[in-house]
Protein chains: 2
Amino acid sequence: MRHVSYHHGNLREALVEAAVELGRERGPDGIVIREVARRTGVSHNAAYRHFADRDELLHEVTQVGLDGLSAAMLARVKRVRVKDPVERARRRLREVGKAYVDYALAEPGLFAVAFSGPSFGDLTGPYQHLTDALDECLAVGYLPPAKREGAELTCWAGVHGFSMLHSTGPLRDVPRRQRDADLGRLLDRLDEALRA
Amino acid sequence: MRHVSYHHGNLREALVEAAVELGRERGPDGIVIREVARRTGVSHNAAYRHFADRDELLHEVTQVGLDGLSAAMLARVKRVRVKDPVERARRRLREVGKAYVDYALAEPGLFAVAFSGPSFGDLTGPYQHLTDALDECLAVGYLPPAKREGAELTCWAGVHGFSMLHSTGPLRDVPRRQRDADLGRLLDRLDEALRA
DNA sequence: CCTCTATGTGGACGTTGTCAACATAGAATC
DNA sequence: GATTCTATGTTGACAACGTCCACATAGAGG
């Protein structure tokens, strides 16, 4: 579907797509307006008809990254096939955490973009999946009511820190085996912290 | 102490100092060679006699940031005045975590630089303080031996995630009161996770 | 006094974000 | 169908950046 007209048709989407690809490949600093335009086959200034500035384009990529994260979490939660309600709730919470880390490791560029200021996207989606999992743990009686408050932040901080350190951080060269074992332990500790 | 000679005398240190100040004020992207030179009162190219490129200068700032973090941790640990060995060990571990987060919040720019690739500094210092605190918890019998392995990462991930989210991340506008309460809860959960 | 080397300067190039002026396609109006 | 309007793309410019090269100079050692 090559366009031939002067007007592109849906340049905005094409630009976002190219920007996402750049973010995926090179992280936040790799999202460069002129390169985005080049890849879209359009002049270096065309993007300014659709985005006020670079930050606005970056913001779009941020949102795509967060949406991907949210989708990954949901997919993993839905795949849980455990009958026992308590075990199912625990397992779902664990899958939420795993999905978070897996996404950060599978898409380090987009993950970095998603959490690189100055304007953050809407993290309602990912946050809601975490909240839902915790609510379920509470409902089935696994999570004591006294521990419900602030539980989101405890979990989020843990998996976010793990993700940051391993995706683009100082632990990025830790071999996969050990990383998996470490993540398993971290999730075990979070589970214990909420249960105890 | 104005220099008058053509040669500066200790330009390298002066450049690092200016770069640190820029990093403190504006974060990693704010460390700009030409601005560093300007603030040091030398030509835009002078830095290349002391650093191969921008990354090498950035790396110096990274190390300064990590040294500051290490010093902050040590200072807080040394101030603990608890007699009971078990309580002292617990308290020291908690202070290590608090120091980490406090530093990240007090110096968001330097903290961001310290954990911004591509080359990371030597985090032996900070890591050692955490290891020491955990070893002490083990020695006094508070931390069960089975939980000792990987305990560093559990703690580090938690405080690092909390720091990232609150210093320059999406939770940076959370009011101080709530942030403090949230940190308290996080440290409580970590304590429980290691004890249980 | 002379030369050598380390260190700082000046100017250049290519890249970036962004602005202003211009051009054109497609829709709206007559 | 011809004309005007507006949304959308293009061209050219500017300043700031990292970096390279040629040059200048200070201070040390002969």
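The values are calculated or read from the model by the stated rules, or taken from the named source; none is laboratory data. Everything numeric here is computed off the predicted structure, so don't read it as measured data. A quick note on method: Cβ atoms are made from the backbone with ideal geometry, for glycine too, and the neighbour counts reach across all protein chains shown. Please note that ligands, DNA and RNA were not included when accessible areas were found on the heavy atoms of the full protein model with its side chains. Shrake-Rupley method; radii C 1.70, N 1.55, O 1.52, S 1.80 Å.
Numbers for the structure displayed
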quantity: Whole-number percent relative contact order across chain A, with pairs defined as alpha carbons under 8 Å at least 6 apart; calculated: 21 percent
quantity: Residue-averaged beta-carbon neighbours from other chains (10 angstrom radius) around A:145-153; calculated: 4
quantity: Unit Cα scatterers, Debye sum, the protein assembly as shown: log10 I(q)/I(0) for q = 0.07, 0.09, 0.15 Å⁻¹; calculated: -0.38, -0.61, -1.36
quantity: Percentage, to the nearest whole number, of Cα pairs in region A:1-148 over 27 Å apart; calculated: 38 percent
quantity: Rg/Rh for region B:63-195, where both radii come from Cα atoms and Rh is the Kirkwood radius; calculated: 0.96
quantity: Theoretical FRET efficiency, 1/(1+(r/R0)^6), r = Cβ-Cβ of residue A:67 and residue B:177, R0 35 Å, to 0.05; calculated: 0.65
quantity: Shortest-first distances to equivalent copies, position residue B:144, nm, label 7 Å out along Cβ; calculated: 1.6
quantity: Shielding by other protein chains, A:181-190, mean Cβ within 10 Å; calculated: 5
quantity: Label zone at residue B:29, where the point sits 7 Å out along the Cα-to-Cβ direction: region B:69-113 residues whose backbone N lies under 17 Å; calculated: B:108-113
quantity: Gained length - residue B:81 relative to residue B:7, 0.36 nm times residue gap less alpha-carbon distance; calculated: 21.6 nm
quantity: 7 Å along Cα→Cβ, label-point gaps from residue B:26 to other copies, nm, shortest first; calculated: 2.1
quantity: B versus A: buried accessible surface, summed, Å² (probe 1.4 Å, to nearest 100); calculated: 2600 Å²
quantity: Accessible surface, per residue, of the protein assembly as shown when the full set of protein chains is kept, probe 1.4 Å, Å²; calculated: 50 Å²
quantity: In the protein assembly as shown, lysine pairs with alpha-carbon atoms under 30 angstrom apart (chain gap of 8 or more, or interchain); calculated: 16
quantity: Efficiency of FRET from Cβ geometry, residue A:146 and residue B:131, R₀ 30 Å, rounded to 0.05; calculated: 0.45
quantity: Teacher prompt: residue A:82 distances to equivalent labels in other copies, 7 Å Cα→Cβ, nm; calculated: 3.3
quantity: Rounded percent of accessible protein surface that carbon and sulfur make up, region A:55-195, 1.4 Å probe; calculated: 52 percent
